[in-house]
Amino acid sequence: MEWFVERYNGSGLMIAVKKKIAFADGIQKVELYETQSFGKMLVIDGKIQLTEFDEPFYHEMLVHVPMNSCKKAKKVLVIGGGDGGALREVLKHEVEKVTLVEIDRNVIELCKEHLKIENGAFEDPRVEIVIEDGRKFLESCEKFDVIIVDGTDPVGVSDPLFGKEFFELCKDKCSVFCSQSQSPLIQKEYFRKMLLNSSVLENRTVFIATIPTYPMALWSFIIAGEHDFRYVRRKFKKITGKTKHYNPEVHFSAFMLPEWLKKEVENAK
Ligand code: SAM
């Protein structure tokens, strides 16, 4: 049995793999594996991006928390997300247009051909795909109702998606903003950087979710702008039965932070 090992700051995760299905080496090293127990697995630059086993946990929280927190969500921008999972979830809502800005064409092509989690999202007539750096795209794009950032770790090509100027640009380009913000436990340097840089956003709040195949399984997200719990139950009615993980109770409880995390967020105001 072969093992894929991801190490992080003295911890690690081992996933038994049957075989490597596909590989591309462009601006990032993109690999797809068939695992023994968790379905297919996407790895970019040696970091697990998703497994079929728990990608719905992540993509449903990343997308339905902001989408169900805002009054109007007709025009949506997804930055990153080349695997199609976030796009699939956005299209469960009554959206008019979704723009996906992905820097690495290889991710889309490998995932379309071998992973197939997007359920046809890439071909949906409401979707526009742009192959570009998300930070650069923001400089001259239109306004959106919701911006969702589904980037890789804040190193390499993802780094611009965690900078202060990125959040400054997002501030004027959307009503509600949401981004994955790494592990608040074992990636404190990334998480703190994200907290500090995103403090320019109005009403910036943190929520958490358990994503078993991410480092130490506890993952964080930031949401900002005109988000409000009051829309959640009504909006959930439109996607009832279409989620594997997300529901209003999970939504509300995601914002109930433990003391140590509350203090981290307070200190980064
Ligand atoms: N769920 C994963 C996580 O939380 O780590 C992220 C998955 S998704 C595959 C990350 C995507 O972000 C990749 O396809 C990568 O190519 C894309 N990406 C990284 N930096 C980017 C940038 N500056 N602009 C647009 N897309 C970017």
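The values are calculated or read from the model by the stated rules, or taken from the named source; none is laboratory data. Keep in mind that what you see is a predicted model, and the values were worked out from it rather than measured. Methodologically, a virtual Cβ is constructed for each residue, glycine included, from the backbone with ideal geometry; neighbour enumeration extends over all protein chains shown. Only protein heavy atoms, including side chains, enter the accessible area calculation; ligands, DNA and RNA are left aside. Shrake-Rupley method; radii C 1.70, N 1.55, O 1.52, S 1.80 Å.
At-a-glance table
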{"read-out": "Test: residue in segment 52-68 that is open to solvent by less than 10 Å² (accessible area, probe 1.4 Å) and closer than 17 Å to residue 106 by Cα", "value": "no"}
{"read-out": "Positions within segment 107-121 being in a helix (DSSP H, G or I), in contact with a helix residue (DSSP H, G or I) (Cβ under 9 Å, 6 or more places away or on another chain) and open to solvent by 20 Å² or more (accessible area, probe 1.4 Å), in sequence order", "value": "112"}
{"read-out": "Residues of segment 72-89 that turn out to be within 12 Å of the ligand (Cβ to nearest atom) and in a loop (DSSP other than H, G, I, E, B), as a count", "value": "4"}
{"read-out": "Total residues in segment 187-226, condition open to solvent by less than 20 Å² (accessible area, probe 1.4 Å), more than 15 Å from the chain's Cα centre (by Cα) and among the aliphatic types (A, V, I, L, M)", "value": "2"}
{"read-out": "Residue within segment 90-106 that is near the ligand (Cβ under 10 Å from one of its atoms), closer than 16 Å to residue 244 by Cβ and part of a helix (DSSP H, G or I) present", "value": "no"}
{"read-out": "Single match in 179, 140, 198 (criterion: over 22 Å from residue 28 (Cα atoms), in contact with a strand residue (DSSP E or B) (Cβ under 8 Å, 6 or more places away or on another chain) and not acidic (Asp, Glu))", "value": "198"}
{"read-out": "Segment 202-234, residues that are part of a strand (DSSP E or B) and basic (Lys, Arg)", "value": "none"}
{"read-out": "Selected residue [within 23 Å of residue 240 (Cα to Cα) and among the basic types (Lys, Arg)] from 74, 29, 40", "value": "74"}
{"read-out": "Enumeration of residues in segment 236-269 that are open to solvent by 30 Å² or more (accessible area, probe 1.4 Å) and either part of a strand (DSSP E or B) or among the charged types (D, E, K, R) (or both)", "value": "237, 238, 242, 244, 249, 259, 262, 263, 266, 269"}
{"read-out": "Criterion (under 18 Å from the mean Cα position of the chain (by Cα) and either modelled with pLDDT of 95 or more or not charged (D, E, K, R) (or both)) met by exactly one of 42, 110, 32", "value": "42"}
{"read-out": "Residues being open to solvent by 10 Å² or more (accessible area, probe 1.4 Å) and either near the ligand (Cβ under 9 Å from one of its atoms) or assigned to a strand (DSSP E or B) (or both) - total across segment 162-186", "value": "2"}
{"read-out": "Residues (within 14 Å of the ligand (Cβ to nearest atom) and either part of a helix (DSSP H, G or I) or open to solvent by 30 Å² or more (accessible area, probe 1.4 Å) (or both)) located in segment 129-154", "value": "129, 131, 132, 133, 134, 135, 136, 137, 138, 139"}
{"read-out": "Looking only at segment 1-38, and only at residues there that are assigned to a loop (DSSP other than H, G, I, E, B) and more than 15 Å from the ligand (Cβ to nearest atom), the one that is least open to solvent (accessible area, probe 1.4 Å)", "value": "37"}
{"read-out": "Residue within segment 49-62 that is among the β-branched types (Val, Ile, Thr), more than 23 Å from residue 241 (Cα to Cα) and within 11 Å of the ligand (Cβ to nearest atom) present", "value": "no"}
